[in-house]
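Just below is one structure, and these are the notes that go with it.
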Amino acid sequence: MIASQGIGLAATAVALVSAAETMPPAGALGWAALAGLSGVGGLACFYLALSRGTMGLIAPLAAVIGAGLPALLSIAGGEPLAELRLVGIVAALVAVVLISLPAGRSTDSEAAAVRIDRGELPLVLLSGLGFAGFYIFLDASATAGGDTWWPLLVVRSAGLALVFAGLAVMVGAMRRNLASILGLEQLRTTIATRGLLAVAPLFILAGAGDLGGNAFFLLANQQEALPVAVVLSSLYPIVTTLLAAVFLHERLRLTQWLGVGLAVTGVALIGVG
């Protein structure tokens, strides 16, 4: 997370200087800061939930909450949206759930591995709310006069500050040194074994991919209604599944194929509407 946030911050600064974008009002930067804090907070809860072995249900639930809540709030607030687009949005959200659901389990122990208990449910809700807040606050930043690169610079700065604050709390609470928490020893071993050039591209791609996703969401939100931009941004599990089928030769289940078909239908309806 530190690598992706740090690389994203550096790349954003370069893009900002190149674009010579005018600094927006303080209100727009304030909303962007809240977006950065919300996004990183949601991501931290998401990773923590995944570490507890419930990833089969975490991804679709977090995606639906993260995309559905901003869409509902925007529509309830009077955002004009054609009926076909509403149907397409619902279809896309259902598609995310279908394609992310785990395979059927044959034993009680396997079924329990993909069941979310009450102790883990708050993490799921917080991760989804964090993602939803990211979209809502970035939209508010744009409404307040934010353009593209200044808000993203503030998003990265606030997110990185929250990461370092969280690390400081972990060092104090767990009484472990920072290198141990960050896994620097394992990183050194990997670099010594495989070489720096084998590891560095992964960090660069993570940072560039994260930044690209944020930037393209802002650009899409400037052109379309928030519900459309946020729901289309939530279709990443479908892309991941299709890439795994093509490059890793993973077989898709019937529910996943239904999800892909529903996603294509939803995107088409959104485009037509």
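Coordinate-derived values only; no laboratory data. Since this is a predicted model, take the numbers as computed values, not measurements. Glycine gets a Cβ as well: all are built from the backbone with ideal geometry, and neighbour counts include every protein chain shown.
Within the shell of other residues whose beta carbon sits under 15 angstrom from the beta carbon of Leu218, the net charge comes to -4, with Lys and Arg scored +1 and Asp and Glu -1. Cβ-to-Cβ counts within 10 Å put Phe164, Phe247 in ascending order as Phe247, Phe164, the fewest first. Size of the range 194-273 from its Cα atoms: along the principal axes, largest to smallest, the extents are 51, 36, 13 Å. Measuring r between the beta carbons of Ser51 and Leu72 and using R0 = 41 Å, the FRET efficiency lands at 0.90. Approximating the spin labels as points 7 Å out from Cα along Cα→Cβ, the Ala165-to-Gln186 distance works out to 2.7 nm. For the peptides 122-130, 60-68, the ranking by packing is 60-68, 122-130, with the highest mean count of neighbouring Cβ atoms within 10 Å listed first. Full extension of the segment from Ala26 to Leu125, taken as 0.36 nm per residue of separation minus the current Cα-Cα distance, would add 32.6 nm.
Between beta-carbons, use under 14 Å as the cut-off and find the net charge around Leu29, counting Lys and Arg +1, Asp and Glu -1.
So the environment of Leu29 carries a net charge of -1.
Projecting label points 7 angstrom from Cα along Cα→Cβ for Gln222 and Thr265 puts them 3.5 nm apart.
The Cβ shell under 12 Å around Ser233 holds other residues with a net charge of -2, Lys and Arg each +1, Asp and Glu each -1.
Packing around the peptides 86-93, 257-264, taken as the average count of other Cβ atoms within 10 Å per residue, puts them in this order, highest first: 86-93, 257-264.
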